[in-house]
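J.: Please see the structure below; I have some questions.
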Amino acid sequence: MYRLGQPIFDRLFYNRYRRAAIMNATGRLLMIGLGPGADLKFVPPTVTSVTAVEPVAAFRRMASRLARRHGIAVDIVDGMGESIPFPDNSFDSVHVGLVLCSVADVGATLGEIRRVLAPGGRLVVLEHVRGDGAMGRFQDRIAKPWSWVSSGCHPNRRTIDAIAAAGFDTSRLRSIPRTMVPPPCTPHLQGFATVIEE
Ligand SMILES: C[S@@+](CC[C@H](N)C(=O)[O-])C[C@H]1O[C@@H](n2cnc3c(N)ncnc32)[C@H](O)[C@@H]1O
């Protein structure tokens with residue numbers, strides 16, 4: 001469903017959010033849950049190298065094909081956000097695009113991201129998150145069946161709270177309350193968070 005539907009959603013509305021989010025990446029970039037690779041097209045010139053972690057082999061193949069078509073150099077490896085296969089302080093930016101809704105353990109993934117980020121590093125974010133009021137209550141009700149039909153996507157995660165709890169400064173993240181993306185995958189969180197040094 002994602003492979004067929006997402007290119008349409010990208011053209012209709014997601015590409016503008018993708019581009020705006022990843023513009024915040026600099027230096028050595030790690031992308032978590034790259035999927036078919038749509039964000040690769042928008043990696044800015046401030047990025048010096050691109051590495052990606054993606055657990056699904058079919059997505060790794062699709063992203064590699066897209067990268068080749070667009071002449072983008074990227075090293076795509078098998079792996080999970082909860083156990084990132086790279087040493088501490090390896091990257092200047094880590095990108096999560098529509099991924100923290102899908103990982104099994106958000107806290108563990110954010111802990112791993114913090115570990116592989118160098119001091120002063122950035123967590124670059126485009127995520128759909130739980131809304132307030134009636135939207136949030138609707139997302140809570142639909143969360144379980146939605147996750148069954150969408151490969152484990154949780155539409156009601158309080159992602160900004162999780163990012164703050166993992167030791168990031170979230171002041172450069174902004175909520176986009178009204179997007180063209182239909183419920184339950186709206187509103188969105190976009191921008192970047194920085195590592196708070198201990
Ligand atoms: C909704 S898709 C988003 C894909 C891509 N980032 C995009 O924006 O099109 C979620 C992605 O997260 C990946 N994923 C799921 N669980 C993961 C985990 N624990 N660690 C890393 N990636 C994961 C999936 O394989 C899939 O590629």
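J.: Checking the conditions here, which among PHE86, PHE91, PHE59 is crowded, with 21+ Cβ neighbours inside 10 Å and of a type outside the set (Asp, Glu)? It would help to see each step written out before you state the result.
T.: Details: PHE86 fails: crowded, with 21+ Cβ neighbours inside 10 Å; PHE59 fails: crowded, with 21+ Cβ neighbours inside 10 Å.
Sole residue among the options that is crowded, with 21+ Cβ neighbours inside 10 Å and of a type outside the set (Asp, Glu): PHE91.
J.: Within the stretch 36-46, can one find any residue that is crowded, with 20+ Cβ neighbours inside 10 Å and farther than 18 Å from TYR17 by Cβ?
T.: no
J.: Quick one: SER83 ticks every box in (1) in contact (Cβ under 8 Å) with a residue 60 or more places away in the chain; (2) hydroxyl-bearing (Ser, Thr, Tyr); (3) farther than 13 Å from LEU30 by Cα bar one, so which box is it?
T.: (1)
J.: I've got another one for you. Taking GLY167 as the residue in question, decide whether it is farther than 23 Å from ASP39 by Cα and either in contact with a Cys (Cβ under 7 Å, 6 or more places away or on another chain) or open to solvent by less than 70 Å² (accessible area, probe 1.4 Å) (or both). Explain how you work it out, then say what you get.
T.: On the way: farther than 23 Å from ASP39 by Cα: yes; either in contact with a Cys (Cβ under 7 Å, 6 or more places away or on another chain) or open to solvent by less than 70 Å² (accessible area, probe 1.4 Å) (or both): yes.
Yes.
J.: Would you mention how many residues in the stretch 170-198 are of a type in the set (Val, Ile, Thr) and out of contact with any His (no Cβ under 8 Å at 6 or more places or on another chain)?
T.: Keep residues of the stretch 170-198 that are of a type in the set (Val, Ile, Thr), which gives 170, 176, 179, 181, 186, 194-196.
Now restrict to residues that are out of contact with any His (no Cβ under 8 Å at 6 or more places or on another chain): 170, 194-196.
Qualifying residue count, the stretch 170-198: 4.
J.: Further question on the same structure: Looking only at the stretch 9-23, which residues are more than 9 Å from the ligand (Cβ to nearest atom), without any contact (Cβ under 8 Å) to a residue 40 or more places away in the chain and in contact with a helix residue (DSSP H, G or I) (Cβ under 8 Å, 6 or more places away or on another chain)?
T.: ASN15, ARG19, MET23
J.: Please determine, by comparing only the residues of the stretch 135-151 that are small (Gly, Ala, Ser) and within 16 Å of ALA104 (Cβ to Cβ), which one is most open to solvent (accessible area, probe 1.4 Å).
T.: If we take residues in the stretch 135-151 being small (Gly, Ala, Ser) and within 16 Å of ALA104 (Cβ to Cβ), then SER151 is most open to solvent (accessible area, probe 1.4 Å).
J.: Do we find that GLU54 is of a type outside the set (Phe, Trp, Tyr), open to solvent by 20 Å² or more (accessible area, probe 1.4 Å) and near the ligand (Cβ under 9 Å from one of its atoms) in this structure?
T.: no
J.: Here's a follow-up. Can you pull out the residues in the stretch 62-76 that are surrounded by 13 or more Cβ atoms within 10 Å (Cβ to Cβ) and closer than 28 Å to GLY111 by Cβ?
T.: First, the residues of the stretch 62-76 that are surrounded by 13 or more Cβ atoms within 10 Å (Cβ to Cβ): 62-64, 66-67, 72, 74, 76.
Within the stretch 62-76, ALA63, VAL74, ILE76 meet the criteria.
The values are calculated or read from the model by the stated rules, or taken from the named source; none is laboratory data. Quantities reported herein were computed from a predicted structural model and do not represent experimental measurements. Neighbour counts are summed over all protein chains in view; Cβ atoms, including those assigned to glycine, are modelled from backbone coordinates with ideal geometry. Only protein heavy atoms, including side chains, enter the accessible area calculation; ligands, DNA and RNA are left aside. Shrake-Rupley method; radii C 1.70, N 1.55, O 1.52, S 1.80 Å.
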